[in-house]
Amino acid sequence: MSRRLSRRALGAAAEAFVAAQLETQGYSIRARNWRSPFGEIDLIVEGQGWLRFIEVRARRTDQFGAPEESLTPRKRQRLLQTALAYLGQLEGPEPCWRVDLAAVSLDAQGRPISVTFFENILEA
């Protein structure tokens, strides 16, 4: 096995790290890697009056920019479409919801060391 973790393994580690952080803040995980025809949402969590759709981005270095800089306008549009698809399957009144970004910093071995949350990333 390679000493360097694959992108998929890095992403999974970052997502697990973010999920654990959110659980310690009182959020419950509703879904991980939820898919629709439009795309995938890494984490869907509920708590503190919100249903949050979380996109997780991770980087080992800032050589190619910070994790939050890697979110393109096209990906933002796909996140919105996917969140709306999830909401469309729910019964009852629409909850308060938003799309957030979790920017995870990794150490040289690919282990998550910190996370910064950017709330409501679809607002202008």
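Counting the residues of region 17-45 that are polar (S, T, N, Q) and within 16 Å of Ala58 (Cα to Cα) gives 2. In region 1-118, counting only strands (runs of 3 or more DSSP E) that sit wholly within it, the ones holding 2 or more residues that are in contact with a helix residue (DSSP H, G or I) (Cβ under 8 Å, 6 or more places away or on another chain) and acidic (Asp, Glu) span 39-47. When Glu68 is tested against (1) surrounded by fewer than 19 Cβ atoms within 10 Å (Cβ to Cβ); (2) over 11 Å from Ala102 (Cα atoms); (3) modelled with pLDDT under 95, only condition (2) is not met.
Of all residue pairs spaced 6 or more apart or on separate chains, those with beta-carbon atoms under 6 Å, a first member in region 9-31 that is closer than 23 Å to Trp97 by Cβ and a second member that is hydrophobic (A, V, I, L, M, F, W, C) and assigned to a helix (DSSP H, G or I) are Ile29/Ala19. Among the residues in region 18-26, are any surrounded by fewer than 16 Cβ atoms within 10 Å (Cβ to Cβ) and either among the aromatic types (Phe, Trp, Tyr) or in contact with an Asp or Glu (Cβ under 8 Å, 6 or more places away or on another chain) (or both)? For region 18-26, residues surrounded by fewer than 16 Cβ atoms within 10 Å (Cβ to Cβ) and either among the aromatic types (Phe, Trp, Tyr) or in contact with an Asp or Glu (Cβ under 8 Å, 6 or more places away or on another chain) (or both): absent. Inside region 96-113, residues that are of a type outside the set (A, V, I, L, M), surrounded by fewer than 17 Cβ atoms within 10 Å (Cβ to Cβ) and at pLDDT below 95 make up a count of 3.
Condition (residue is acidic (Asp, Glu) and buried (at least 18 other Cβ atoms within 10 Å of the Cβ)) applied to region 29-40: is it met by at least one residue? No, there is no match, as no residue in region 29-40 is acidic (Asp, Glu) and buried (at least 18 other Cβ atoms within 10 Å of the Cβ).
The values are calculated or read from the model by the stated rules, or taken from the named source; none is laboratory data. Keep in mind the model is a prediction, meaning the values are calculated, not measured. Virtual Cβ from ideal backbone geometry, glycine too; neighbours counted across all protein chains shown.
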